[in-house]
């Protein structure tokens, strides 16, 4: 008999395989149930702990109420006794001693402060910019999903540096003080009050009472000290990025349980921000881990913020590629957010992002400029989504930098400020915005732009005026003497320069084409040089360019101008790569030493005027933030600081 | 045959070394060099701070060594045979390496006559654990000293960066040429003989102060290292691998950590590979199951309507660019405003899938997809993108091979002897045409692992393609080398497999 593999055998084999596959899948399903149960059990565990704590608090509260009652009855009976003994005349002097008691109480409240006349900056109670609770349709719950255009690799605070991780951590962790969303002034968050040395050498901070981390443990001064000395400044941790910028803080000392003192190496206007602006992390959580566990972690973020990570477990951390999920911190010490959870999804492709937004799977996306221009004009779009377009403190600016110093030992035509002014005059920046950026954005006026208080409100953007440019060029000695259409100087050198831009961007390419044609119209020859972004660093360090197109991002309403503008930054390959030197140092040094904010702004304005006059950069455009947000969410406001998702609520 | 395979396997080792070395050197010589991605976030940092940060990072990841040295170090780590002191393994599974050597401070001759050596307290006893020292105690002692040493080392490094910054200022004032290397760092050997010139600048006082500080930091770091070394030698943790003779041991290869993501490379790869393999495991059978039968049919009815129609259709699909197809798919087939827009636009799971059961189930009277089906639903469009261009090559290949065989003598003989046409096609012609198809599969397999960058970008799938591209863009040494190594190894193995399969399928080929 032939031993042939027939249909029957095939069916049998398939059945066996199928049974195998199903068994495997069942095992998977069982495993999944198991992990879900474990997660649930963990959560129940924390809830039980909370309940136990609440219970204890309640009992303590009862006891203290009882004590209080006893004390009051005791005093009452005392008073009764005094009344009955006929001490009526005491009442007025009693009033007097009461006021005395008040001031003594006040002193007791400030007993943490350094003695002397250094004023105490008491901070208001922390709250929302626009309170949602009384608005129409208010409800608690709902999930807000934000789409990021780039993959996150890490969330652990301080170790993760990118803006997206920072945005998530801002919901999880808190700093001693933060910027007010509307006024951009520094306001106490975890700090109740502080005392800042008028000479700028020390800062004493009093923490609020009743502030706690998301696991309910109270925040103390030791957490602040530990975060600075043993987390940020721990050379075993990969915190280099922040550590190397915090060199101005010499030490942080614990004065008492709720009071810390910072000591600075030297006075600097930006010390206050640096000291009050880092995340305060829970010592009790991070000291359980080894440095390499923290270094290799993906998401060990814990803090005192309004949200917390869905799962915080060393052995079961979030992995890149999955959504980041934050849930409301039910033990939050401040006003609790209304949303139940926040989800961060990564969608790299812009069209996929928009599609997911249209489908309602994502609540907020950052659209591209063309998308914003086109989609926000669609019919019915305004009923579906908020289209936000606003400049805020994080909006950077684009510019063309002119080489004011020598390149390879030879001066470029741009060392003359009249030439730089002429270059600005021949560029119609409004046209660039309208044509190349779909009309989105504003003309930039200087290194600081509204809404930053550091921008001089009197300065208007330079006009577009070819005639004036020609006059300025002629004044600077650039005249077309041989009638070949190109300007020459006295020595007969033709006006040619090189324009360096980064490869790969359509917009910069169009700006380059526009620049070349505008230059040609006044008799200047502009040769484009297109380079890869990775070469930029070297070009800037070696000052190997005549003019260069770039952008600066901003992270705070007033950034220290020293790095970009000071003449010290010309030496040793600093960021003053245009080698501009026109007496700006007097202002920049003064800015760094002026601790009073409003005084500092005045100097900033003078500095701004100088830059406006000198035009070392031609400032092109302030890039606003663009956002689409689903209208299911209410209380959405664009602020000078950015967006405040903790205020949003889901309207049904 | 066995000898042949062994020889091929042994030959692979130098080939792999050659490939990884070439790739590594290419990246190292490109602008920015290894680790260029690390300085991307510097933005508006102060120069001094930036110099300190760069110095810290260079020290942590050993970027200050020259590229060939970095490569050799990497080889030492991945080699299963280790020389010198053995690593130790802490309870979390991290390799603890012997403390790093302290680098000699630059220009020390300006300040001292002789380099200091580690000072050991002569009265101190030989370090030994207490009898009752538990594992925890030992690790605490080690960790405390390790922290001390890294602090001392950090001081030394930042001191060095500060000195370099001041020297840089003096150099720009004196306009000394060629005192900076390509990365813009001060070349100390150029400056060394120029002390008198430097002393004439306003920076001299500061340079002297920093230089003297630096010598002090160096002494301190040496002392701390010595202490740490004694603790390390007392073995606070179990040693990795097993020793053969002192100074030679065998241990697990350590692929190291990616410095752009600061996570173990193996972890990153093991996260990405299953996703890429899943996509391809679905895509490749689809290609084969459609392309081969249609290629056969086209060969059988060569020149007929089906042949021409399928041929032009596959070529048309093959010529359609994947990025465009992907974007069109997302724009139309994922948009709920269209009736056919039923697919998900991105990712591998829907937001609600965390709460799903693994298999489809009925909850509250509604059928629910379940985690598994939800995933398959999500990979539909990416798989479609992977598949559509693949039909052309394979079906044409089948068709050509079949036609070749149809003209063979043995087919004519079979026809003449009256074998059924069906049997001729399937048993004679098709079997013999399978050879090139088998070898083609072998060459497709390595490409599977490399992933498809474009498709992964469009559909936001965290697979191998993205990982490879990122490692190149960020010039992440460990990740790049591990990826190269893996792709090269799989390619070489696949080539070997192809040769073996050849000889098995075709008795005429033999390797002796």
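No value in this document is a laboratory result; all are computed from the given coordinates. Note that the coordinates shown come from a computational prediction; the quantities given were computed from them, not determined experimentally. Heads up, the Cβs are rebuilt from the backbone with ideal geometry, glycines too, and the neighbour counts pull from every protein chain shown.
Across peptide B:453-463, the average count of Cβ atoms from other chains found within 10 Å of a residue's Cβ is 3. Using equal-weight Cα scatterers in the Debye expression, the normalised intensity of chain B in log10 at q = 0.07, 0.08 Å⁻¹ is -0.63, -0.77. Look at where the Cα atoms of segment A:168-215 and of segment A:358-374 average out, and the two centres are 34 Å apart. Taking other C-beta atoms within 10 Å as the exposure proxy, A:369, A:64 rank A:64, A:369 from fewest upward.
Which value in nm describes the separation of the simple spin-label points at residue A:109 and residue B:178, placed 7 Å from the Cα toward the beta carbon? That separation, rounded to one decimal, is 7.2 nm. Where does helix B:204-233 land angle-wise versus the long Cα axis of chain B, in degrees 0 to 90, nearest 10? Tilt of helix B:204-233: around 70 degrees. Residues of segment A:354-376 with an amide N closer than 18 Å to a point placed 7 Å from the Cα of residue B:342 along the Cα-to-Cβ direction: A:359. Label-to-label distance for residue B:129 and residue A:51 is 4.4 nm, based on points extended 7 Å past Cα in the beta-carbon direction.
Packing, taken as the mean count of other beta carbons within 10 Å per residue, orders the peptides B:409-420, B:55-66 from highest to lowest as B:55-66, B:409-420. Rounded to the nearest 10 degrees, the angle from helix B:67-78 to the longest Cα principal axis of chain B is 70 degrees.
So how do B:194-204, B:217-227, A:509-519 stack up, highest first, on mean other-Cβ count within 10 Å?
Values: B:194-204: 14.5, B:217-227: 21.2, A:509-519: 17.4.
For the peptides B:194-204, B:217-227, A:509-519, the packing ranking is B:217-227, A:509-519, B:194-204.
Take every DSSP beta bridge whose two residues both sit in chain A; close to 75 percent of them are antiparallel.
If you take the Cα centroid of segment B:115-170 and the Cα centroid of segment A:383-456, the two points sit 50 Å apart. Relative to the current alpha-carbon distance between residue A:506 and residue A:210, full extension at 0.36 nm per residue lengthens the span by 101.2 nm. Cα extents for chain A along the principal axes, largest to smallest and rounded to whole angstrom: 119, 111, 53. Adding -39500 (n - 2.57) for every DSSP H run of four residues or longer, then dividing by how many residues chain A holds, sets the calculated 222 nm ellipticity at -11500 deg cm²/dmol.
Listed by Cβ neighbour count within 10 Å, with the fewest neighbours leading, B:380, B:385 appear as B:380, B:385.
Taking label points 7 Å from Cα along the Cα-to-Cβ direction, residue A:585 and residue A:606 give a separation of 1.6 nm. Contact order for segment A:335-428, expressed relative to its length and based on alpha carbon pairs under 8 Å spaced 6+ residues apart, stands at 10 percent. Cβ crowding within 10 Å, taken as a proxy for footprinting-reagent exposure, orders A:568, A:223, B:404 from fewest neighbours to most as B:404, A:568, A:223. Per residue of peptide A:245-251, the mean number of Cβ atoms on other chains within 10 Å of the residue Cβ is 2.
Please list A:457-465, A:203-211 highest first by mean number of surrounding beta-carbon atoms within 10 Å per residue. Provide the component values of the computation, followed by the final result.
Working: A:457-465: 13.6, A:203-211: 19.3.
The densest-packed peptide leads the list: A:203-211, A:457-465.
Between segment A:318-336 and segment A:229-274, the alpha-carbon centres lie 27 Å apart.
For segment B:448-512, the relative contact order works out to 19 percent when only alpha carbon pairs closer than 8 Å and six or more residues apart are counted. Computed on chain B, with alpha-carbon pairs under 8 angstrom and 6+ residues apart, the relative contact order is 20 percent. Kindly identify segment B:215-275 as rounded, prolate or oblate by the Cα gyration tensor criterion: order the square roots of the eigenvalues as a ≥ b ≥ c, call it rounded if a/c is under 1.5, otherwise compare a/b with b/c, prolate if a/b is larger, else oblate. It comes out oblate by the Cα gyration axes.
The mean number of partner chain beta-carbon atoms within 10 angstrom of a residue's beta-carbon across peptide B:336-348 is 4.
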